[in-house]
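Written below as structure tokens is the structure these notes are about.
Nothing in this text is a laboratory measurement; each read-out follows from the coordinates by a stated rule. Since the model is a prediction, treat every value here as computed from it, not as a measurement. Backbone-built Cβ (ideal geometry, glycine too); neighbour counts: all protein chains shown.
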Amino acid sequence: MVVLILFSNSFFITKITGLWAVSPKEITQTYDVGVVLGGSTITYEKKYHRNIFKGNIDRLLQAVELYQKGKIKRILITGGSGNLIYRNLKESRLMRSFLISINFPPGRILMDTLAENTHENAVYSKQILLQHPDLKKVLLITSSLHMRRALACFRHEGINAMPYPTNLINSNTHQNVEYLFIPNISNFLIWNSMTHEMLGYVAYKFMGYI
């Protein structure tokens, strides 16, 4: 009972995730490209003929805002199918299609459809960047909990990217009864994501990916 109460507490989970998640910093310069990592961002529902936006869509939306503000000149989307059955359903293609549907310039979009994990995101992004030597200043855009592992992968591949974390959860604490004392079941999902990232970081270190 104590464990259930503790790990469903918003104050506790904010403090713990704040130790792992990468905090945002102010963007003071313009980057040649923003690399957006796929993974639970968007899928397609054939029955209703429409896109379904998922939890990590903040990565793509933040990139669009950065482009509109002149902070990045291009967007590189990296992400394959991530599905053992629907291999032709490429997440990066869906993201690109969505961008074009909101009048984002197609010529400003680069795309990798092969990456199936964070390590491959870095590997295939590097191949694309090598084909575009003008893209020297790279901004890495992914979730704050995922950023530590992603950044390590990209730098291991020789890409000196700067982090731009999204899906922020390590925000300032709120001094109210609900935040401090009332259990919230959604906090278990945050705890699960952080555990996944910590174990993934260790596994990538063991495999030589970082």
Legend entry - Candidate aspartates and glutamates - alpha carbon under 18 Å from Lys25, same-chain residues fewer than 8 apart omitted: Asp58, Glu65
Legend entry - Derived scalar couplings ³J(HN,Hα) [the stretch 19-26; Karplus, 6.51 cos²θ - 1.76 cosθ + 1.60; whole Hz; x for Gly, Pro]: 7, 9, 5, 7, 7, x, 10, 5
Inset, instruction - Using amide H atoms built 1.01 Å from N in the peptide plane, name the residues 5+ places from Met162, or on other chains, whose amide H lies under 5 Å from its own. - result: Val138, Leu139, Leu140
Inset, instruction - Mind listing the long-range amide H neighbours of Ser81? Cut-off is under 5 Å, sequence gap 5 or more, other chains count too, H placed in the peptide plane at 1.01 Å from N. - result: Glu91
Legend entry - Projected-area mean, the chain, by convex hull of Cα positions, square nanometres: 13.8
Inset, instruction - Enumerate the calculated ³J(HN,Hα) couplings along the stretch 48-62 in order (Karplus 6.51 cos²θ - 1.76 cosθ + 1.60, θ = phi - 60°), each rounded to whole Hz, writing x wherever the residue is Gly or Pro. - result: 9, 6, 8, 6, 10, 8, 10, x, 9, 5, 4, 4, 6, 5, 5
Legend entry - Hz values of 3J(HN,Hα) by residue in the stretch 114-129 - Karplus curve (6.51, -1.76, 1.60), Gly and Pro given as x: 9, 5, 10, 7, 5, 4, 6, 3, 5, 4, 6, 5, 4, 4, 5, 5
Legend entry - Given 16 as the ceiling on other Cβ atoms within 10 Å, longest exposed-site-free region of the chain for chymotrypsin sites (Phe, Trp or Tyr not before Pro) in DSSP loops: 87-210
Legend entry - Charged-residue dipole, Cβ positions (Lys, Arg, Asp, Glu), the stretch 62-210 about Cα centre, Debye nearest 20: 520
Inset, instruction - Would you mind checking the tilt of helix 91-101 against the longest principal axis of the Cα atoms of the chain, expressed as 0 to 90 degrees and rounded to 10? - result: 70
Inset, instruction - Using the charge dipole of the chain (Lys, Arg: +1 at Cβ; Asp, Glu: -1 at Cβ; taken about the Cα centre), state which of Cys153, Thr14, Gly79 has its Cα farthest towards the positive end. - result: Gly79
